[in-house]
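Report on the following structure.
The values are calculated or read from the model by the stated rules, or taken from the named source; none is laboratory data. None of the values given here were measured: they were computed from a predicted structure. Cβ sites come from the backbone with ideal geometry, for glycine too, and all protein chains shown count toward neighbours.
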Amino acid sequence: AVRKFAKEIDRREIKLEGLIGEGEFAKVHKGMLCRPNEPPVPVALKVLKPGSTAKNREDFLTEAAVMGQFKDLNIVALEGVVTISHPVMIITEFMHNGALSDYLVQNKNRFSEIELLVMARGIASGMKYLAKMRFVHRDLAARNVLVNENLVCKVADFGLTRELEESCQGEYVTQGGKIPIRWTAPEAYKHRRFTTASDVWSFGIVLWEIMTYADRPYGDWDNYMVMDQVTANYRLFAPTNCPKIVHQLMMECWKADRSQRPSFSDIVEMLERWIRNPYLLKDY
Ligand code: ATP
């Protein structure tokens, strides 16, 4: 599958620069991709750590194969992979400002309402594309959105992303595995039913993260408390200075009945309207 969706890149065309991040199974470096007769392009190089198992390697490359099927302004683009020599690498476009969660913390209270909503629109637009491609992300959170030098936000981290099968009516039922509770819809952590509508729930949490400059959803509650309270219909409060209609949109994304939640098209349309007519936001 990797061969089909990801281009093999010649290791000699890659210049490795500094370390920029580290996950459980991979290190992320900045680098330059220097193809013959083309200007060099800055890239991020995700390098599988030594000592990884065959299963780690397979999951790592599956993520690249998923990414390789997407082509959208608001989805982090895959340049290619190195698989025929060691270590195995995934090469993606370089996102100068890193993870959205870190970026918001580092720039607390520096953005206008409109700038924040433009970030949200980008993410919603990337998710609209993902939904159209019939994939569910399952791990949408500000930490998994990357920001480029022009403040364009792009969805990344497709480790949990799954394609929806025709026969399963838009639902992906997991066998198990870790679930990011605070970002996940109740039907997904209770019955493992992941859909585009559960991604919409997560988008609501991301919108809340944006408006709070990446506060932790539900603060210091533990995961059991979060699940109990959300099941009892508790919802995150409106962040300070958050326009009422923006919190209303979050609340729509957090409807207990998933069929009542807006679609990503609806969300993009709403955000567009508010960005074009900022007076609509002046209600608090
Ligand atoms: P995890 O174990 O949490 O899933 P991971 O191995 O998937 O981590 P990432 O979260 O993809 O690693 O990347 C770790 C960090 O590296 C990110 O938080 C971000 O700061 C940086 N990073 C990743 N991809 C890029 C990119 N394309 N451009 C710039 N920085 C990036």
Revision key, fill the gap. Here the residues within the range 86-130 that are free of Cβ contacts under 8 Å to residues at least 40 places away in the same chain and of a type in the set (S, T, N, Q) are GLN106, SER112
Check your understanding: Do any residues in the range 133-146 that are more than 15 Å from SER263 (Cβ to Cβ) and within 12 Å of the ligand (Cβ to nearest atom) have Cβ atoms under 7 Å from those of residues that are acidic (Asp, Glu) and outside any helix (DSSP H, G or I), where the two are at least six apart or on different chains, and which pairs are they?
Key -> ASP139/ASP157; ASN144/ASP157
Study note, to complete from the structure: Inside the range 121-159, the number of residues satisfying the requirement of being polar (S, T, N, Q) and part of a helix (DSSP H, G or I) is 2
Practice item. Determine if the range 25-32 includes at least one residue that is farther than 23 Å from HIS96 by Cα, under 19 Å from the mean Cα position of the chain (by Cα) and within 15 Å of the ligand (Cβ to nearest atom). Key: no
Revision key, fill the gap. Over the range 237-274, the set of residues of a type in the set (A, V, I, L, M) and over 21 Å from ALA214 (Cβ atoms) is ILE245, ALA256, VAL268, MET270
Review point. Any idea which of (1) within 21 Å of VAL155 (Cβ to Cβ); (2) near the ligand (Cβ under 10 Å from one of its atoms); (3) in contact with a Gly (Cβ under 9 Å, 6 or more places away or on another chain) is the one GLU93 doesn't satisfy?
Key: (3)
**Study point:** Of the criteria (1) under 24 Å from TRP201 (Cα atoms); (2) over 13 Å from the mean Cα position of the chain (by Cα); (3) away from the ligand (no atom under 14 Å from the Cβ), which one HIS86 fails
**Key:** (1)
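Residues checked against (1) within 16 Å of the ligand (Cβ to nearest atom); (2) crowded, with 21+ Cβ neighbours inside 10 Å; (3) over 15 Å from the mean Cα position of the chain (by Cα); (4) at pLDDT 95 or above:
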| position | (1), (2), (3), (4) |
| --- | --- |
| PHE111 | no, no, yes, yes |
| ILE123 | yes, yes, no, yes |
| LEU130 | no, yes, no, yes |
| ASN150 | yes, no, yes, yes |
| GLU163 | no, no, yes, no |
| THR174 | no, no, yes, no |
| ARG193 | no, no, yes, no |
